[in-house]
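Only the coordinates and a few stated rules stand behind these numbers; no lab work does. As the structure is a prediction and not an experimental result, all values here were calculated from the model. Please note: Cβ atoms are built from the backbone with ideal geometry, for glycine as well, and neighbour counts cover all protein chains shown.
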Amino acid sequence: MEICVLGSGAWGTALSMLLCKNGHRVTLWSYCEEESATLQKTGENPMLPGVALPPELNLTHREDAAAGKEVVIFAPPSYAMRQTAERVRPYLAPEAVLVTVAKGVEPHTGLRMSEILTAELPGHPVAALSGPSHAEEVARGLPTGCVAACPQAEVAERLQQLLMHPTFRVYSSTDITGVELCGAAKNIIALAAGMAEGLGCGDNAKALLMARALVELGALIEAAGGEKSTCFGLAGMGDMIVTCTSVHSRNHRAGVAIGQGAPAAGALGESHAVVEGYYAARSVTELAERLGVRMPICECVSDILFCGKDPAAALTELMLRDRRSEF
């Protein structure tokens, strides 16, 4: 199958490598010519050191790379999703299936990534792939599981078949709303868990944050029209576990630095890749307010990042909230 992956970050590159292993003809598009030239010259992505790119992988920076492709996978940072869709719009084949693997909610509009693609590129079926999937491990062939979601079950199952590999298991879902909101919110919780660690809290505090965050997330998904149970699957609990605990998690690392006293801007700026939780903190909180859902943990992270709230004070505030039953 002819496939184009838009975005040559770590995740886009790892997916391209996986699809090549599955025997597909894959083109990996870079945002700029310099980035594509680096990949061609070195034979590897600097974000995935020591992992050689397959020689059959086609590398380019030209937008017409998407022309005639049966499946187009969108892997830019969430803030660049709309711009990327606009750039490739003239080249898409009418029958192309679009897949988003970015995790976020657009500021101000509250739109999920699949909703942006539907708005910018109408007439195409749109699916989302999400789950606990650090690119570093996928690129090295370590066992991984994800969820392919689309309201049209046959499209989700087609994506499932496309990606399944002995080291990459894919489940299908029709709850694209829940799957995408899980992917966006878990990055915020990873920042919170990192902050708690940076403050010197133990494992109990991290478990508390993660468990209560799932309750918040379930309420958001339900209010948005998704299935509450999705937050307890791979896209929700699975991704939250790995993002809140792994050494690969840039959201967690940034949170640790902020908890240890680093200014938020400095902690985020020192990352070599996008800290998606930064963008999601404000946009997910705005969406929750619009839907009438309280998400105290996400609200506190947003206040720390954008209003200068002290992380220790935020933790105390969460611990002293009014008493209530668990569910």
Computed lengthening from ARG62 to LYS309, 0.36 nm per intervening residue step minus Cα-Cα distance: 84.6 nm
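Considering all alpha-carbon pairs of the chain, what whole percent are spaced by more than 30 angstrom?
Distances greater than 30 Å cover 31 percent of the Cα pairs.
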Here the convex hull volume per residue of the range 193-268, taken over Cα atoms and given in Å³, is 90 Å³
Stretch LYS21-THR167 to full length: gain in nm at 0.36 nm per residue minus the Cα-Cα span? 51.5 nm
Relative contact order as a percentage, the range 112-156, C-alpha pairs under 8 Å and 6+ apart, gives 35 percent
Cα gyration tensor of the range 120-195 - equivalent ellipsoid semi-axes, whole Å, descending: 23, 19, 10
Determine the calculated [θ] at 222 nm for the chain from helices alone, applying -39500 (n - 2.57) to every DSSP H run no shorter than 4 residues and normalising by the residue count; nearest 500 deg cm²/dmol. -14500 deg cm²/dmol
With bins of 5 Å, the percent of all Cα-Cα pairs of the range 51-112 per bin from 0 is 4, 16, 23, 23, 17, 12, 4, 2, 0
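Hey, what did the chain get for relative contact order, percent, Cα under 8 Å, at least 6 apart?
After rounding, I find 15 percent.
Return the percentage of antiparallel bridges among DSSP beta bridges fully within the range 64-180, rounded to the nearest 5 %.
Details: 5 of 18 bridges.
Antiparallel bridges: around 30 percent, rounded to the nearest 5.
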What nm value, rounded to one decimal, do you get for the distance between GLN83 and ALA207 when each label is placed 7 Å out toward the C-beta? 4.3 nm
Angle between the Cα long axis of helix 153-163 and the longest principal axis of the chain, 0 to 90 degrees, nearest 10? 70 degrees
What residue among PRO107, GLY145, GLN83 has its Cα farthest toward the positive end of the dipole of the range 1-148, where the charges are +1 on Lys, Arg and -1 on Asp, Glu, each on the Cβ? GLY145
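Using Cα pairs closer than 8 Å and at least 6 residues apart in sequence, work out the relative contact order for the range 146-294, in percent.
With pairs under 8 Å counted, the relative contact order is 28 percent.
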LYS103: which lysines have alpha carbons under 17 Å from its alpha carbon, excluding same-chain residues fewer than 8 sequence positions away? LYS186
